[in-house]
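Let me begin by presenting the structure, written as structure tokens, before commenting on it.
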Amino acid sequence: MRLYLINPSNLLVSIVKVKESRWNRYRVWKPLSLLVLAGLTSPEWEIAIVDENLGAPNYQAMPRPDLVGITAFTSQANRAYEVATHFRRLGVPVVMGGIHATMCLDEVMERVDSVVTGEAEGIWPQVLEDARHGCLKRWYDGGLAEINDVPLARHDLLATGYAFGSLQTTRGCPLNCSFCSVTRFNGAKYRQRPIPDVVREFQSVREKRVLVVDDNLIGTRPEHIARAKDLFRAMAQAKLRKEWAAQATINFADDEELLALAAKAGCRGIFIGFESPAPEGLLEVGKRFNLLKGRDFHASVRRIQRHNILVVASFIIGLDIDEPGIGKHIAEVASQYGVDILNVLFLTPLPGTRLWDQMTSQGRIALDAFPEDWKYYTLTFPVARYKHLSLDGIIEEMTSCDRDFYSLPRILRRVWSNMWQYRKPLITLVGNLSYRSNRRLNYKAYEDFKHYWGNRHNCVKES
Ligand code: B12
Ligand code: SF4
């Protein structure tokens, strides 16, 4: 039995444009969901994983499979349907799962043979069994998996073409920020995989560098942090010789022992969601956690960096409190905090989030011809109507933010300060240049987007 597991691409996502900017090679990540599904698949299935981010193959030239499984974020949904249509025309059953299938069940059900919502661990073996007997159901729900059932992902598949491997050690997040799907999808309970499983999985990753995809590697409560310390101790003891980056909340900076253990275990970069430079912004998106203890963000960032760990900061533009000037303000604040890399995204109502419910009820979703418009739900296009910023205005804010933060003098200052502090100037340089060179791609993309937006709204007015 032959199974294809496919990660569809979205050509509007600049990080997959490896040909346009070679720095992007360092920002194409493996679709871990498919490696996990492969880990749940019994040996009678011959598995091929296709990651279209490395280039879409000629499916016609490939042997006919018995089953196709497709994963998709919302931004990949359109391409997922194209791929599904191709295989369904050949009479091959297509199953789709992942976050978009879970949040938009009815839409997906119309376009594939079978949909799997939720996490797959508890249900995928049954889906395969039903497929083998030709009796696939229209809908399976995996719900939340028992965390000990998460298998070792098949890191032996998809072995070449990536600068980073990826793995997951926890699922779930209690914080439930308004713009994020994680609490709805993976639950509010923070679930931690057994430490020996995680260490074994690290050992099976071939790449020297690894992205730990957890939404928050250290968690928010003392018992979570204690487990993170145990994990880091076990990783150091296993002498993995891996360098890795992860996502965490800002409380990562509050515990010297945690930082030292993380660094010893190979942590070289941490991605932190600051979200807004203003306390009112944090309240608006529901991230009160960042407001705790009258925090000094500059000091927090420095404490992390002293352990040789780079800090990547994420902010959002387009909150209801954001007014003209917000772009430059974010660039200024991120520079004051002293972060190494800045990633700014447009506030985007992703289906299933609290923000989606709010913007839908207020009639503020501007690009709403679905499924076609999903391709712009990459957080790199302003798809909604923003309170104080017009379409041109919000794009100008994003552009000025990037222009300021990634100006050559500022990049050189950051690289110099890294050299001076004996940190990792090369990684900072590559990261900064990757963002800087994507700016040109973004300008062009914004122009095309404005035309698309204009046509869409003219059509609506005329009809
Ligand atoms: C790692 C990650 C990335 C990585 C890697 C992506 C990749 N290629 O896998 C990078 C950094 C590239 C990335 C980029 C983006 N991401 Co991202 N990312 C994540 C993150 C943190 C973890 C995903 C992961 O690997 N999980 C581990 C695996 C094992 O879990 P899983 O994917 O959920 O798969 C399980 C189930 O969903 C199911 N399943 C999944 N697929 C399938 C398929 C079949 C057939 C079946 C049966 C089951 C099944 O089974 C799996 C095992 O239980 C999630 C948050 C999260 N917790 O999901 C956000 C998340 C998926 N990202 C999100 C977004 C918005 C993006 C971006 C669009 C925007 C951005 N700039 O961040 C981009 C664009 C990507 C694109 N190509 O279009 C949103 C998606 C929401 C949505 N409705 O689409 C999430 C949920 C975060 C959020 N804020 O809400 N991302
Ligand atoms: S943005 Fe981060 S902290 Fe907020 S709910 Fe999502 S995963 Fe949790």
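When the range 268-290 is examined, which residues are found to be surrounded by fewer than 15 Cβ atoms within 10 Å (Cβ to Cβ) and within 13 Å of ligand 2 (Cβ to nearest atom)?
Listed by number, the list holds a single entry, ARG288.
Does at least one position in the range 83-95 carry a residue that is among the hydrophobic types (A, V, I, L, M, F, W, C) and touching a Gly at 6+ places or on another chain (Cβ under 9 Å)?
Taking every residue of the range 83-95 in turn, at least one turns out to be among the hydrophobic types (A, V, I, L, M, F, W, C) and touching a Gly at 6+ places or on another chain (Cβ under 9 Å).
Can you tell me how many residues within the range 336-360 are open to solvent by less than 10 Å² (accessible area, probe 1.4 Å), within 18 Å of PHE297 (Cβ to Cβ) and in a loop (DSSP other than H, G, I, E, B)?
2
Please verify whether ALA234 is more than 16 Å from ligand 2 (Cβ to nearest atom) and small (Gly, Ala, Ser), treating the condition exactly as stated.
yes
Return the pairs, sorted by first residue and then second, in which the second residue is more than 16 Å from ligand 2 (Cβ to nearest atom) and open to solvent by 40 Å² or more (accessible area, probe 1.4 Å), the first residue lies in the range 158-181 and is closer than 20 Å to ARG241 by Cα, the beta carbons are less than 7 Å apart, and the residues are 6+ apart or on different chains.
The qualifying pairs are ALA159/ARG206; ALA163/ARG25; ALA163/TYR26; ALA163/ARG209; PHE164/TRP29; PHE164/ARG209; GLY165/ARG206; SER166/TRP29.
Run down HIS451, HIS388 and say which single residue is more than 22 Å from the chain's Cα centre (by Cα) and in a helix (DSSP H, G or I).
HIS451
Can you name every residue in the range 195-206 that is more than 12 Å from ligand 1 (Cβ to nearest atom) and of a type outside the set (Ser, Thr, Tyr)?
ILE195, PRO196, ASP197, VAL198, VAL199, ARG200, PHE202, GLN203, VAL205, ARG206
Anything in the range 261-294 that is among the small types (Gly, Ala, Ser), more than 16 Å from ligand 1 (Cβ to nearest atom) and within 15 Å of LEU217 (Cα to Cα)? List them, or say none.
Hits for the range 261-294 are ALA262, ALA263, ALA265, GLY266.
List pairs: first residue in the range 245-257 and within 16 Å of ligand 1 (Cβ to nearest atom), second residue of a type in the set (Ser, Thr, Tyr) anywhere in the structure, Cβ distance under 7 angstrom, at least six positions apart or on different chains.
Close Cβ pairs satisfying both conditions: THR249/THR220.
Check the range 288-296 and report whether any residue there is touching a Gly at 6+ places or on another chain (Cβ under 9 Å) and touching a residue at least 12 places away in the same chain (Cβ under 8 Å).
Looking through the range 288-296, at least one residue is touching a Gly at 6+ places or on another chain (Cβ under 9 Å) and touching a residue at least 12 places away in the same chain (Cβ under 8 Å).
Only residues that are open to solvent by 30 Å² or more (accessible area, probe 1.4 Å) and hydrophobic (A, V, I, L, M, F, W, C): list them for the range 205-224, please.
LEU211, VAL213
I want to confirm something. Restricting to the range 32-86 and keeping residues that are in a loop (DSSP other than H, G, I, E, B) and among the polar types (S, T, N, Q), which single residue is least open to solvent (accessible area, probe 1.4 Å)?
Across the range 32-86, the extreme among qualifying residues is THR41.
Tell me which of these ARG206 doesn't satisfy, since it passes every other one: (1) at pLDDT below 95; (2) within 16 Å of ligand 2 (Cβ to nearest atom).
Checking ARG206 against (1) at pLDDT below 95; (2) within 16 Å of ligand 2 (Cβ to nearest atom), the one that fails is (2).
Just to be sure, is VAL333 within 19 Å of TYR435 (Cα to Cα), out of contact with any strand residue (DSSP E or B) (no Cβ under 7 Å at 6 or more places or on another chain) and open to solvent by 10 Å² or more (accessible area, probe 1.4 Å)?
yes
Among the residues of the range 397-416, which ones are surrounded by 13 or more Cβ atoms within 10 Å (Cβ to Cβ) and either free of Cβ contacts under 8 Å to residues at least 12 places away in the same chain or under 30 Å from LYS387 (Cα atoms) (or both)?
Hits for the range 397-416 are GLU397, MET398, THR399, SER400, CYS401, ASP402, ARG403, ASP404, PHE405, TYR406, SER407.
The values are calculated or read from the model by the stated rules, or taken from the named source; none is laboratory data. Just so it is clear, the structure is predicted and the values come from calculations on it, not from any experiment. Backbone-built Cβ (ideal geometry, glycine too); neighbour counts: all protein chains shown. Note: accessible area is taken over every heavy atom of the protein model, side chains too, but ligands, DNA and RNA are not part of it. Shrake-Rupley method; radii C 1.70, N 1.55, O 1.52, S 1.80 Å.
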